[in-house]
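Q: First the structure, then my questions, so here it is.
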Amino acid sequence: MILSDNRILEEIEKGNILIEPFKRECLGTNSYDVHLGRYLATYRNRVLDAKAHNEIEEIVIPNDGIVLEPNTLYLGVTEEYTETHRHVPFLEGKSSVGRLGIDIHATAGKGDVGYCNTWTLEISVTQPVRVYAGMPIGQLIYFGVDGDIERFYNRKKDAKYTQRTVKPIESMMWRNSF
């Protein structure tokens, strides 16, 4: 079941959800709007290798924005740092963002209970579009969990995305055994 605005506020008060910075005007009926952070990144190599550490180049979004181009994967990051200790967070794009031809995640829209960090976005565009740091980019939706949790994400020994950051994080697939 998706948490309502009042329920999200209750869970924040209990310490089960943390959103920093929290702005009351960003709370929707059953979601919380998140914003594009100042940093983007692109991969240095055009061909990526799932078994290799693919390095990224950092981009700082200037005040007058930056034009994103099709056929390039941009890694972005949310301004908001979040913690979720009792719920499953889902990050979805805002409809206004989608109507500009911007996809904010390829496959990674679901967080795990215990995820504590900013959200790295896998941004792609269908046509050139100018984006700005601080613009609304997505919305977090929280689902309740049925049953006890054995392995919180932030306590897993093999969790790859636990170091707090304000910058996008490249794929850590290379750390897997396959």
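FYI, it's all coordinate maths here, none of it is from the lab. Since the model is a prediction, treat every value here as computed from it, not as a measurement. We place every Cβ from the backbone using ideal geometry, glycine too, and count neighbours over all the protein chains shown.
Q: May I ask you to give the average projected area over all directions of the convex hull of the Cα atoms of the chain, in nm² rounded to one decimal?
A: Over every viewing direction, the Cα hull of the chain projects on average to 10.9 nm².
Q: Same structure again: What are the equivalent ellipsoid semi-axes of region 114-178, built from the alpha-carbon gyration tensor (square roots of five times its eigenvalues), in whole angstrom, biggest first?
A: Result for region 114-178: semi-axes of 27, 18, 12 Å.
Q: Picking from Gly76, Gly138, Gly147, which is most flexible by a Gaussian network model of the chain using Cα springs under 10 Å?
A: Gly147
Q: If contacts are Cα pairs under 8 angstrom and at least 6 residues apart, what is the relative contact order of the chain in percent?
A: 30 percent
Q: How large is the charge dipole for the chain, taken about the Cα centre, if only the Cβ atoms of Lys, Arg (+1) and Asp, Glu (-1) carry charge, to the nearest 20 debye?
A: About 320 debye.
Q: Percent relative contact order of region 16-115, based on C-alpha pairs within less than 8 angstrom and at least six residues apart?
A: Across region 16-115, relative contact order equals 33 percent.
Q: Order by neighbour count: Ile8, Ile169, Ile137, fewest other Cβ atoms within 10 Å first, most last.
A: Ordered by Cβ neighbours within 10 Å, fewest first: Ile169, Ile8, Ile137.
Q: Given the C-alpha centroids of region 131-158 and region 43-109, what is the distance between them in whole angstrom?
A: Computed from Cα coordinates, the inter-centre distance equals 15 Å.
Q: Please name which of Tyr43, Gly114, Tyr32 has its Cα lying farthest along the dipole of the chain towards the positive end, using unit charges on Cβ (Lys, Arg +1; Asp, Glu -1) and the Cα centre as origin.
A: My answer, from the dipole projection, is Tyr43.
Q: Can you pull the Kirkwood radius for region 48-108, inverse mean 1/r over Cα pairs, to one decimal in Å?
A: In region 48-108 this quantity evaluates to 14.8 Å.
Q: Please work out how many pairs of lysine residues in region 1-156 are eight or more positions apart (or on different chains) and have Cα atoms closer than 25 angstrom.
A: Lysine pairs satisfying the spacing and distance rule in region 1-156 number 9.
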